[in-house]
Amino acid sequence: MPVSDNHPDYQAALPQWEMSRDAVAGSTAIKTRQSMSENNQSGGNMAGVRYLPMPNPEDQSIENRQRYADYKLRANYVNVTGQTKEGMVGLVYRIDPTVILPPTIEYLNGSTDGGAITLNQLSKGALCDCLEVGRSGILTDYPMADIGLTQSEVSALELRANLLRYTAESIINWRTIKVGGVKKLSLVVLAEPTQKLSEDGFSYESVIYHRVLRLTNGIYSQSLYDEDDKVIETDSGETLIFPRKSNGALWNEIPFTFIGTEDNDEAVDKATLYDIAEVNIAHYRNSADYEESSYMVGQPTPYVTGLTQGWVDAVLDGKITLGSRAAILLPEGASAGLIQAQSNQMPIEGMKHKEQQMIQIGARIITDQSGNETATGAKIKFAGQNSKLGAIIGNVEEAIERSLGWALEFMGGVGDVTFELNRKFHDIEIDPQEIIADIQLLDRGVIAMEDMRNRLRKFNIIEQDRDDEMIEAEAEADDPI
């Protein structure tokens, strides 16, 4: 089979990924996405029909197409899905991640790809991928180098391990094997958009290359294929690249890790925002019907009865003028009025119902519109959503620490790596009555001063960097006695 073939699970998940991505992207993406098939009943490549079908798709006249374009233009897509994602990401990154790296790979904190992507940004991209499509991936990569280079030679050549993030859409194929009872990746195929220089030497052509990661007979190798699925040879004429550790040893695993919403194995997990996206798009369809009915019958229509042609010609001069500064002179027995359509409640009720569904699914992270809900009540109410977010955070942390460990093996350093994202989604508050109760426990010898101060640090009443000795020294210096 060609290298560009997709895994069956990839093909099955791709439509859902596209819908979730479009829902997050907003109105333009929703209104321009084409149909799944060019030959379906929605009229071929007509933009927007995937999420807002044409009311009468069999009529492909210019007039009907223009009517559909107007129908779509009036529809209002409220991007709840995108705002929900931004809210979740904001909760996590309201406090910077905790990063501890050995000196050998400290550079990765500022640049994971040899460019402008920081470790913070890499983690944020992986978190966003998991929220939107339930999947991401990180490859720890290292340029080809001669065996036995010293650290100074490595530095002189600017050789460095990089952490490269791949979206779910770019991880098109994979396989696993069991080695001594341990499951390992044996194949990963990555689609890489590439700008290929044209023959004229000036213009570029956008193509897709494929990077293939293999584990063959316990040895890791890489190969690269062009847009025609033909393997690309290196300058030395080789088709396989064998990355090596700092000591020259070959790798017995592929230094690539998946990141999911449930765990970090190769299985495709469900996207956290998919359910909200589905309801969000249904809300958009209701909006289209509501706006269409408002446009068609929303304006009042005047009517006049009991007129004769003579009255129209002689008195009204062949015309009727409407407005507060005009009067309509009518003969005896005639009448005038306005036909006003009744409000169409079905689409608007459908929109309200779906708004409630999005709230129940978790579209709002925190809500306190009435002012009556306590902070504790709000936290409990959204504990389920926060637990989902917490699980994803754990998966992102595990994947990044694992990738950093591989980078350390490439670079030949030693030491532990730590990468921790914020899990304090809310500012924690303490009731004054609780402080009084703690003081009473302190006076009775039930708790120690250190216990009380640690509790106050937890609620940010005492700053984290102020230890007991510092506090006691300041208190003694300020003692008026």
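No value in this document is a laboratory result; all are computed from the given coordinates. Note that the structure is a prediction, hence the values are computed from the model and not measured. All Cβ positions, even for glycine, are placed from backbone atoms using ideal geometry, and neighbour counts span all protein chains on display.
Points to keep in mind about this one:
- Net charge of Cβ neighbours under 12 Å - reference Gly26; Lys, Arg +1; Asp, Glu -1: +2
- Residues whose amide H lies under 5 Å from that of Ile117, counting only those 5 or more places away or on a different chain, are Thr112; hydrogens are built 1.01 Å from N in the peptide plane.
- Spin-label model, Val312/Lys245: points 7 Å from Cα along the beta carbon direction are separated by 9.7 nm.
- Here is the result for the range 221-301: no chymotrypsin sites (Phe, Trp or Tyr not before Pro) lie in DSSP coil with at most 15 other C-beta atoms within 10 angstrom of their C-beta.
- Here Asp443 and Ala116 are evaluated by their C-beta separation; at R0 = 51 Å the FRET efficiency comes out at 0.35.
- Ranked by how many other Cβ atoms sit within 10 Å of their own Cβ, fewest first, the residues Ile447, Ile232, Ile117 fall in the order Ile232, Ile447, Ile117.
- Cβ crowding within 10 Å ranks Leu307, Leu338, Leu442 as Leu338, Leu442, Leu307, fewest other Cβ atoms first.
- Sorted ascending by nearby beta carbons within 10 Å, beginning with the fewest, Glu409, Glu292, Glu205 become Glu205, Glu409, Glu292.
- Pairs over the 20 Å Cα-Cα cut-off, from the set Lys196/Lys245; Lys124/Lys178; Lys85/Lys388: Lys196/Lys245; Lys124/Lys178.
- Within the shell of other residues whose beta carbon sits under 12 angstrom from the beta carbon of Gly394, the net charge comes to -4, with Lys and Arg scored +1 and Asp and Glu -1.
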